[in-house]
Amino acid sequence: MNGAERQNYREKEAALAWRADTFAARAAEAGAGEQQTGGFLVLLQRELVAAWAACGAFEWVALGYLTVSGALIAIFAENLPHPAKLIGVQAFVAAVTLALCGAEARVAERTEWRGETFSSKFWRFWRHWNPHLFFLFSFEEMAKLVHLVTPGWQDARLIAFDQWLTGVNPSLWLERFAHPALNEFMQFAYFTYFLYLLILGGILYYRRDWESYWAAMTYSAVGYVFGYVIAMLFPVQSPWFTLAGMWHGGLAGGPFTALINLIEKCGRVHGAAFPSQHVAGAMAALWGAWRHRRWLFWVFLPLVLLMCVSTVYVRNHYVADVFGGMVTGTLGYVIGSWVMKRRGAVATAPH
């Protein structure tokens, strides 16, 4: 690639109005290195540099978390049965994240001249909805990492806090109100957690408000990362396990109760209860709605408040977990807002 061709390439990239200075310059530098040395390694380097240049704020946070947690796995490897396997899986997740960024960036560049195609829609969709898969992976991974740093459970401290705050053990005390109708209502409120970010993200995605979309994902990512790191340092298993056998019976209900029981059966994590990731994720989405779709905030608010109560009622969290989730979710919004002001935080072309 000669100087004239490189300049022309940069001018075309600048027309995209997204990460042109970073993406084009770094890709061009890697391309020059390929001419000098050639070979597979230089080609791989060029692809990695281009993929990293296409990353935005969400990917910065996600890949940063994988790096930190991977380092902790290496440092405390003696506390894990298969540390190398965990690091390998994390490396795979990081590679998929980078590959999606790189693929979507290349397709987006061609879209400027060719218009929308099935390929551009396909890669845009998976790039934008990959955060939800990342959140699911990270949460389920905590089942392996919960005792990475700290052995034993810390539930006794949270039980004492709840007792000091309320004068009772909230999960056991609430059992006196148990009734199939109330149980079903509380399970519905608990289920709404799965909808907040999907609804907010879906509206922003449909409106092609890419900056707001990635801001919402970044708020959630930062909030979750705080929670995951705390869970590694301060493992809590939740009332469901700690107080098992102390209730007089299960929470009978209807279809939402059955649905939650199925979800918990397939995906329940033993540990990582403090802070509540349910509450943290809901708070991050709630603040995102306040910032980007104010009317949706008022729709979410009563449901989020009910969901916070339901996490204790359905025996999955202590009151302390709820407060912890409120704090980490709010921190996710505050710090995520700051990250979104960094140059290149939104690495998506205006399709």
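The values are calculated or read from the model by the stated rules, or taken from the named source; none is laboratory data. Being a predicted model, the structure only gives us computed values, none of them experimental. Every residue, glycine as well, gets a Cβ built from its backbone with ideal geometry; the counts of neighbours run over all protein chains shown. Areas reflect the complete protein model, heavy atoms only, side chains present, ligands, DNA and RNA absent. Shrake-Rupley method; radii C 1.70, N 1.55, O 1.52, S 1.80 Å.
Residues of the range 260-293 that are part of a helix (DSSP H, G or I), under 24 Å from Tyr206 (Cβ atoms) and of a type outside the set (Phe, Trp, Tyr): Gly281, Ala282, Met283, Ala284, Ala285, Leu286, Gly288, Ala289, Arg291, His292. When the range 54-92 is limited to residues that are farther than 17 Å from Val229 by Cβ and touching an Asp or Glu at 6+ places or on another chain (Cβ under 9 Å), the one that is surrounded by the most Cβ atoms within 10 Å (Cβ to Cβ) turns out to be Ala54. Considering the conditions (1) at positive phi; (2) of a type outside the set (Phe, Trp, Tyr); (3) touching an Asp or Glu at 6+ places or on another chain (Cβ under 6 Å), Gly167 is excluded by exactly one of them, (3).
Restricting attention to the range 205-227, the residues being open to solvent by less than 10 Å² (accessible area, probe 1.4 Å) and either assigned to a loop (DSSP other than H, G, I, E, B) or over 13 Å from Ala57 (Cβ atoms) (or both) number 2.
Considering only the range 242-260, state which residues are open to solvent by 70 Å² or more (accessible area, probe 1.4 Å) and at pLDDT 85 or above. Met246, Pro255, listed by residue number.
Residues in the range 294-331 that are within 24 Å of Tyr206 (Cα to Cα) and either of a type in the set (Phe, Trp, Tyr) or crowded, with 20+ Cβ neighbours inside 10 Å (or both): 5 in all.
Looking across the range 293-302, the residues that are within 12 Å of Ile199 (Cβ to Cβ) and not aromatic (Phe, Trp, Tyr) come down to Arg293, Leu296, Val299. A residue that is surrounded by fewer than 13 Cβ atoms within 10 Å (Cβ to Cβ), in contact (Cβ under 8 Å) with a residue 24 or more places away in the chain and farther than 30 Å from Gly253 by Cβ can be found somewhere in the range 151-167. The residue list Gly288, Gly344, Gly271 contains one member that is of a type in the set (Gly, Ala, Ser), in contact (Cβ under 8 Å) with a residue 12 or more places away in the chain and surrounded by 22 or more Cβ atoms within 10 Å (Cβ to Cβ), which is Gly288.
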